[in-house]
Amino acid sequence: MRQHICRAAIAAVAAMGLFLTACSSHEDDYVINTEKLSESEDTTAITTAEYGAEDFIQSEKQTRKPTETQPLTEDSAKDTISESTVQNTEAQTQKPEEPAELKTAPAEHVHNYIGHAKVAATEYAPGIMTYTCSSCSKSYEERYALSHTIDVGGGSNVTVCGYWDKTSSNELMKLLNEYRKKNGLNVLNDDAGLENTARLRAVECSYLFSHKRPNSGRCFTLYPEGYKAVAENIASGYGNASETIAAWKNSAEHNKNMLNPEYNYGCAGVFVVLDNNNADNGNILYVQSFMKK
């Protein structure tokens, strides 16, 4: 039977809208400020025991929903009635029709689809899976992505299917460093450990959009050891890096993180979730991680 690969798509972002939040830490001293946004945006301050207030910005922009597709099925075969003729010396007569209750309809064909990867998925791109019926050779294709495991605490894990958009994460950092230079600040350096943090946090935010991790730990527990100060910006639902940077610039706390002169390292992670139809469902998670060491 058809093998479903990587169909779990967990995207815990309320109402699939546009969301932003920011937080920072200076030697474990967490300070979050609320801000007044434009009248066109809905604003809610969320207070947690560990972080103080989180800014939560939601617009009415809706993300597209993919159109469901179904494998093609064969048309049912039509019953046929055999006729024969009998020749006699006077006229041709027709053989009486077989009683309806004695007719047997042909069995409907059930497809047995077997899948194989036409294009292999990677961490940075979806793949293409081809499914072919072993009996009639009917086939179709669909995209698929690798699964990622998320620790949700209590010894439990969930999986989400998607891929890291390396192009978008590079664009985020390019735009950020250009913004810092225009404001007379240093360019942020790359750090392998911090890049891994940003990528993993983007995956976690697809399950729980918060600076609190799905396993209830602080987001900063995922940062490399030895830092003196760290901060994080997260966003969801924006179409590209440019839109995301623009939204962060218009939010006081996010902008403060981007223009903080203390930080000398910075990395970004962008994770694209594939939904149950193996199509981008508009749920794209953006994370900026900042660090001073």
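The values are calculated or read from the model by the stated rules, or taken from the named source; none is laboratory data. These numbers come from a predicted model, not from an experiment. Because the Cβ atoms are built from the backbone with ideal geometry, glycine has one as well, and the counts that use them run over all protein chains shown. SASA here: full protein model, heavy atoms, side chains in, ligands and nucleic acids out. Shrake-Rupley method; radii C 1.70, N 1.55, O 1.52, S 1.80 Å.
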Carbon/sulfur accessible area of the range 186-293, % of total, 1.4 Å probe, equals 44 percent
The relative contact order of the range 129-287, taking Cα pairs under 8 Å that sit 6 or more residues apart, comes to a percentage of 32 percent
Surpassing 27 Å at the alpha-carbon level, of the pairs Lys118/Lys174; Lys166/Lys249; Lys138/Lys166, are Lys118/Lys174; Lys138/Lys166
Over the range 105-207, with neighbouring protein chains present, the accessible area per residue in Å² at probe 1.4 Å is 50 Å²
Kirkwood calc, the range 139-293, C-alpha pairs only, radius in angstrom 16.0 Å
Computed from every Cα-Cα pair in the range 166-253, P(r) in 5 Å bins starting at 0 and rounded to whole percents is 3, 12, 21, 25, 23, 13, 3, 0
Taking 187-193, 166-172 and ranking on average Cβ neighbours within 10 Å, highest first, one gets 166-172, 187-193
